[in-house]
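What follows is a single structure, written as structure tokens, with notes after it.
The values are calculated or read from the model by the stated rules, or taken from the named source; none is laboratory data. Quick caveat: nothing in here was measured; it's all calculated off a predicted structure. Counting neighbours? That spans all protein chains shown, and the Cβs are built from the backbone with ideal geometry, glycine included. Heads up: the accessible areas ignore ligands, DNA and RNA and are worked out on the full protein's heavy atoms, side chains in. Shrake-Rupley method; radii C 1.70, N 1.55, O 1.52, S 1.80 Å.
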Amino acid sequence: AFLEQLKTNAQADTSSIIGQFGVGFYSSFMVAEKVEVYTKSSHTEDSKGYRWISDGSGAYEIQEADGVQPGTKIVLHLKLDCREFSDEDTISGIIKKYSNFVGSPIFLNGKQPLWLMDSKDVTPEMHDEFYRFVGNSYDRPRFTLHYKTDAPLTLRALLYFPEGKPGLFELSRDTEMGVALYSRKVLIKNKTDNILPKWLRFVKGVVDSEDIPLNLSRELLQNSALIRKLRTVLTNRILRFLHDQSTKNPKEYDKFYKDYGMFLKEGIVTTNEQLEKEEIGKLLRFESSQSKEGERVTLPEYCSRLKPAQRDIFYLAAPSRVLAESSPYYEALKRKEVEVLFCYEPYDELVLMQLQRFDGRNLTSVEKEMRQDKEPDDLTDLGEDSLKRSEVEALIPWMKTTLGSKVQNVRVTKRLDAHPCVVTVEEMAAARHFIRTQSHLMDEESRYALLRPQLEINPRHPVIKKLSNLTTSNSKLAELITKQLFSNAMLSAGLLEDPRTLLTSMNELLTLALEKH
């Protein structure tokens with residue numbers, strides 16, 4: 001009758017039928033052959049106790065009963081095929097899954113679940129057990145974030161950061177993961193993948209917000225402005241929490257960063273908000289030219305010791321510290337004692353390129369800084385132990401003609417000491433990424449046209465000085481040396497697709513060089 005009345009009343013709020021018919025209580029007959037209810041009012045001292053009993057067939061009995069305590073007690077006489085519901089582990093699992101945030105105290109065999117306890121009363125052992133349940137894991141939480149807030153959203157959250165290393169499922173962005181989402185203590189979705197950004201998919205736990213409507217549809221869950229606001233609040237709180245851990249517990253954070261730093265870097269690459277990028281940037285760690293090997297520094301630490309006239313944060317990508325410190329691109333900044341961050345992972349320079357700015361300063365690769373430097377174009381003072389200006393002016397066009405369309409330009413540089421030459425491109429990180437991922441799709445001519453490399457030569461280096469003489473005395477040998485120098489510089493820059501291609505030209509060069517011996 002009630003449903004029929006709803007159909008005739010177009011303005012009725014159908015969501016109000018939730019709780020009208022005691023569906024939760026009726027469901028007890030799905031597992032019980034008989035249900036007894038004992039109840040007594042607590043309003044007056046002389047209240048009578050009652051016993052209600054039914055087998056769910058439509059009839060029931062109700063009568064006065066002695067010895068009934070104030071309140072209500074429900075007794076289920078389980079069916080034979082439903083005896084698992086008398087097992088403590090089964091009941092505990094149901095409570096954890098569906099009643100994590102029920103406001104009233106729940107006791108199972110005299111014990112209360114931890115999600116309803118005050119955070120200061122929850123022991124590490126309790127957190128370990130709950131983490132293993134919600135995360136379906138066998139390790140323990142490295143960090144635990146247990147907090148509640150009333151602004152800008154009413155929110156309670158219990159979030160865990162795993163101690164174990166990420167597995168293949170965590171590494172994949174397509175894996176169905178996420179924290180459990182509750183609205184007013186009712187489970188909305190067990191694995192909600194969009195209340196935290198994808199790069200935080202390793203975080204496990206539960207979140208409850210009274211501001212989220214119970215009838216939230218799947219479509220609204222994906223596109224709701226409220227969900228976006230919830231995601232922003234949670235993300236900011238997690239970033240603040242991790243930053244606190246990095247300062248209060250640096251050794252444990254360093255272990256976390258070693259295992260999960262790649263997710264933080266993914267966050268910088270994938271988020272569109274510059275403020276969020278910089279907040280994640282505070283959590284990054286790199287070795288530095290001013291730190292000891294194995295010792296990492298933060299971007300705020302780097303900024304705190306900038307030289308007075310320094311406006312940029314410099315970084316250099318190299319597979320190891322030895323190669324970074326011996327890089328031709330680092331020579332000039334090393335001479336000026338300018339601090340440089342060393343990036344050892346192939347994707348680190350892409351991350352810093354995406355970050356772009358930090359604390360109002362540009363993040364600049366040392367290769368880009370070298371390419372933008374205008375000083376090398378000045379040929380008035382090349383130094384005593386150097387080619388003459390006339391020799392340089394003759395050598396540069398000769399080298400450019402020899403290398404042809406492979407180079408955009410050839411010029412001198414005074415920034416090199418131990419190296420004869422280097423190659424620079426406009427965005428070295430993007431160029432290296434292109435070489436690793438897409439260069440095989442293009443022919444050599446198209447590849448060089450896209451990279452537009454610039455060869456910068458050191459007029460004081462013995463190889464360059466002898467090359468200048470060879471251009472007139474042995475042009476064939478000079479041509480082979482020029483091409484080899486360019487290939488070596490491309491290899492050093494990480495812009496050579498296959499280093500094995502050097503072998504043929506190197507053997508040809510050696511054969512010609514040893515002709516008279």
Angle between the chain longest axis and helix 428-437 axis [Cα atoms, degrees, rounded to 10]
70 degrees
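Computing the accessible area with a 1.4 Å probe over protein heavy atoms, can you report the carbon and sulfur percentage for the chain? Before the final figure, lay out each step's value.
Details: 14560 of 28930 Å².
Carbon and sulfur atoms account for 50 percent of the accessible area of the chain.
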Using a 1.4 Å probe and ignoring any ligands, DNA or RNA, find the accessible area of Val75 and quote it in Å² to the nearest 10.
40 Å²
Of the options Thr270, Phe143, Leu480, report the single residue whose Cα projects farthest towards the positive end of the charge dipole of the chain (beta-carbon charges: Lys, Arg +1; Asp, Glu -1).
Leu480
Please go through the residue pairs Lys191/Lys277; Lys307/Lys336; Lys334/Lys465; Lys34/Lys96; Lys400/Lys465 and name each one whose alpha carbons sit more than 20 Å apart in this structure.
Lys191/Lys277; Lys334/Lys465; Lys34/Lys96
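Per-residue ellipticity at 222 nm for the chain, helices alone: DSSP H runs ≥ 4 residues times -39500 (n - 2.57), over residue total, nearest 500 deg cm²/dmol?
Values: 20 runs with 203 residues, N = 517.
Using -39500 (n - 2.57) per qualifying helix, the result is -11500 deg cm²/dmol.
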Taking a probe of 1.4 Å, how large is the accessible area per residue of the chain, in Å²?
56 Å²
Taking the C-alpha atoms of the stretch 457-503, how large are the radius of gyration and the largest Cα-Cα span, Dmax, in Å?
11.9, 33
Cβ crowding within 10 Å averaged over residues, with 58-70, 264-276 ranked highest first:
264-276, 58-70
What is the dipole size for the stretch 238-371, taken about its Cα centre, with +1 at each Lys and Arg Cβ and -1 at each Asp and Glu Cβ, in debye to the nearest 20?
320 debye
Calculated Rg and Dmax of the stretch 308-362 using C-alpha coordinates, Å:
11.7, 31
Relative to the first principal axis of the alpha-carbon coordinates of the chain, what is the inclination of helix 124-135, with its axis defined by its Cα atoms, in degrees from 0 to 90 and to the nearest 10?
80 degrees
If each part is reduced to its alpha-carbon centroid, the stretch 252-303 and the stretch 348-427 end up apart, in Å, by 29 Å
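From the mean inverse distance of alpha carbon pairs (Kirkwood) and the Cα radius of gyration, derive Rg over Rh for the chain.
Rounded to two decimals, Rg/Rh equals 1.20.
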Nearest 10 degrees, 0 to 90: what angle lies between the long axis of helix 475-492 and the longest principal axis of the chain (Cα atoms)?
20 degrees
Taking a straight Cα-to-Cα line shorter than 19 Å from Lys111, and setting aside same-chain aspartates and glutamates fewer than 8 residues away, one finds Asp87, Glu88, Asp89, Asp121, Glu125, Asp128, Glu129
Going toward the positive end of the dipole of the chain, with +1 on Lys and Arg Cβ and -1 on Asp and Glu Cβ, which of Ala59, Thr471, Val37 do you reach last?
Thr471
List His440, His43, His419, ordered by accessible area with a 1.4 Å probe, largest first:
His43, His440, His419
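What's the Cα-based Rg to Rh of the stretch 390-517, Rh via Kirkwood?
Working: Rg = 14.8 Å, Rh = 15.3 Å.
Rg divided by Rh gives 0.97.
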Taking H as built 1.01 Å from N, whose amide H comes closer than 5 Å to the amide H of Lys34, not counting residues under 5 places away?
His77
Find the all-direction average of the projected area of the Cα convex hull for the stretch 229-309, expressing the result in square nanometres with one decimal place.
6.5 nm²
